[in-house]
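For reference, the structure is listed below as structure tokens.
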Amino acid sequence: MDRKDFLKSLGLLTAGAAILPSEGTLKAAERLSGASGEAMSSMATDAELDFPVKSLKANIKGGPVKVIIIGAGNRGRTYAEYARKYPECMQVVGVSDIRESRKMAMGDKFDIPVEHRFGDWSEVFSVPKFADAVVISTPDDLHYHPCMKALRWGYDVLLEKPVAQTEKECTDIAAQAHKYGRIVAVCHVLRYSPYFRAMYQALKSGMIGKLISIQHMEPIECRHMAHSYVRGNWRDSNKTTPIILAKSCHDLDILRWFVGKPCQSIVADGSLTWFKPENAPQGAPKRCTDGCPHESTCPYSAIDIYVKRKQHLGVFDLKNSRDEQEIMSKISDPNNEWGRCVYFCDNNQPDHFVCEMVFADGTTASFSMEAFTPFGGRRTRIMGTTGYIEGDGSKFTVYEFRSNRKLVWDKKVSDIPEYKGSGHGGGDMALVCDFIEAVSAQDESKLTSSIDASIESHVMGFRAEKSRLSNKKSKMPVSK
């Protein structure tokens, strides 16, 4: 079998024109035929699917891009870490946080002058412009106004998701970016991870033919649900955003990115079923630390999650994250929301959510967000006319119908030196890298998504919530 016939057998050469995957993909495919070039067996064979991984060192013009971190909590510290790893690419020259300890910690870490250490975000704009860009990583209800102000002042913006609390605020930000000719990168970090980038390349290289439909699930993981969306900062959709945006705008973004066409309609359902007072076990107190008789068996126990498992500790600003007495003192404080029983919280977010989407070319997608799972990550199935892709968040397999072959992508991010320690499957640092390149070159195309595409996936979320509450299908705005 010569190279041309072999590519035809894999569906990589059709109608006389090659669909060009990466060189690594071709090498992986060629390995299926055997070193001797003998005809392939009819038995399914696994082979490594090897797509190149983007370097995290940004290509910049001139000196490092200067940024201000507005919101020095977990996400702000994460994005600022890029400047520590690549100081020749990015410098943190200002910080804003209403918590003095966080402001001073970041200020000291990056030698930020006292005059550029601000409290409230508005103070950043009380002095002349002194940086190229701002990172907005404040709570959800403090995204819109800082972003609109930053754009008006001539800053490019790295904006934490969700973009804003209403559909109109989201579209206002897009309009403001266009008005002032600024770059806005939304922190849809998953699409920057090697896993999803490789899956996108496999899809767009034509390996499964024409895309027909996608099934996608986000398993939140039971303790993560209890921490963030029952006890924590995103428990009340009215104060933050609906959970389809607060948690799953990443997933809507991935679906929109994969399909590459505007969404036309969306229908959704789901509810808060379990985390309610009527489901509390008999005798359960309002706080886990008040001698709950069910503490040893409750999967949502604050003592188990924070003290024993030491999970989700970033919210406590601990001096020593291994000090169990310090953690216990935090959750025992009557004013600490994370010590509450999950059945007696002021939460309203659904614990299960399903929706279906139809896109402009007839492609369909279904999405499910589930709280009650023992694992996180994403599960994805993609159906095409000549093949199928299935992934579990860290590994995916391409199945080819005609050849009955399987190609596997199974690259461990922890084994890639540059990506080691980068959250969201490597997406955190890769996002900052692309943003820095875009700002340096003043070229939005350096990003994987325009602000308009990012806002469209947010509008999908708002329309999905509207559908859930009204029990009616929602139409999407007509794309301009």
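The values are calculated or read from the model by the stated rules, or taken from the named source; none is laboratory data. As the structure is a computational prediction, the values presented were derived from the model and not from experiment. Virtual Cβ from ideal backbone geometry, glycine too; neighbours counted across all protein chains shown. Heads up: the accessible areas ignore ligands, DNA and RNA and are worked out on the full protein's heavy atoms, side chains in. Shrake-Rupley method; radii C 1.70, N 1.55, O 1.52, S 1.80 Å.
Results, tabulated for the structure shown:
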| read-out | value |
| --- | --- |
| Accessible area of the chain belonging to carbon and sulfur atoms, whole % at 1.4 Å probe | 51 |
| Rounded to the nearest 10 Å², the accessible area of Asp428 at probe 1.4 Å | 10 |
| Rg/Rh for segment 51-119, where both radii come from Cα atoms and Rh is the Kirkwood radius | 1.04 |
| With 5 Å bins from 0: P(r) over segment 290-422, alpha-carbon pairs, percent | 2, 7, 11, 13, 13, 13, 12, 10, 8, 6, 4, 1, 0 |
| Projected label distance in nm at Met104 and Arg152, using a 7 Å step from Cα toward the beta-carbon | 3.3 |
| Two-site FRET efficiency, His178 against Asp323, from Cβ-Cβ distance with R₀ of 51 Å, rounded to 0.05 | 0.55 |
| P(r), alpha carbons of segment 220-268 - 10 Å bins starting at zero, rounded % | 23, 43, 25, 8 |
| Förster-model FRET efficiency, 35 Å R0, Asn404 and Ser265, C-beta, rounded to 0.05 | 0.45 |
| Cα-projected label distance for Lys308 with Lys57, points at 7 Å along beta-carbon direction, nm | 4.7 |
| With eigenvalues of the C-alpha gyration tensor scaled by 5 and rooted, segment 255-336, Å | 35, 22, 10 |
| Stretchable slack from Ile416 to Lys276, in nm (0.36 nm times residue separation minus alpha-carbon distance) | 46.0 nm |
| Over the chain: Rg over Rh, Cα atoms, Kirkwood Rh | 0.99 |
| Estimated translational D of segment 133-280 in µm²/s (Stokes, Kirkwood radius over Cα pairs; 37 °C; 0.692 mPa s) | 188 |
| Spherically averaged projected area of segment 212-297 from its Cα convex hull (nm²) | 7.8 |
| Probe 1.4 Å, accessible area per residue of the chain, Å² | 43 |
| Rounded FRET efficiency, nearest 0.05, which uses the C-beta distance separating Lys210 from Lys466 and R0 of 35 Å | 0.70 |
| Protection proxy ranking, peptides 453-463, 391-401, average beta carbon neighbours within 10 Å, highest first | 453-463, 391-401 |
| Cα shape, segment 412-480, gyration tensor, a/c 1.5 rule | oblate |
| Taking N as its residue count, the alpha carbon Rg of segment 343-413 over 2.2 N^0.38 Å | 1.50 |
| Lys pairs under 14 Å by Cα in segment 192-339, provided they are eight or more residues apart or on distinct chains | 7 |
| Cα centroid separation - segment 417-478 against segment 176-249, whole Å | 7 |
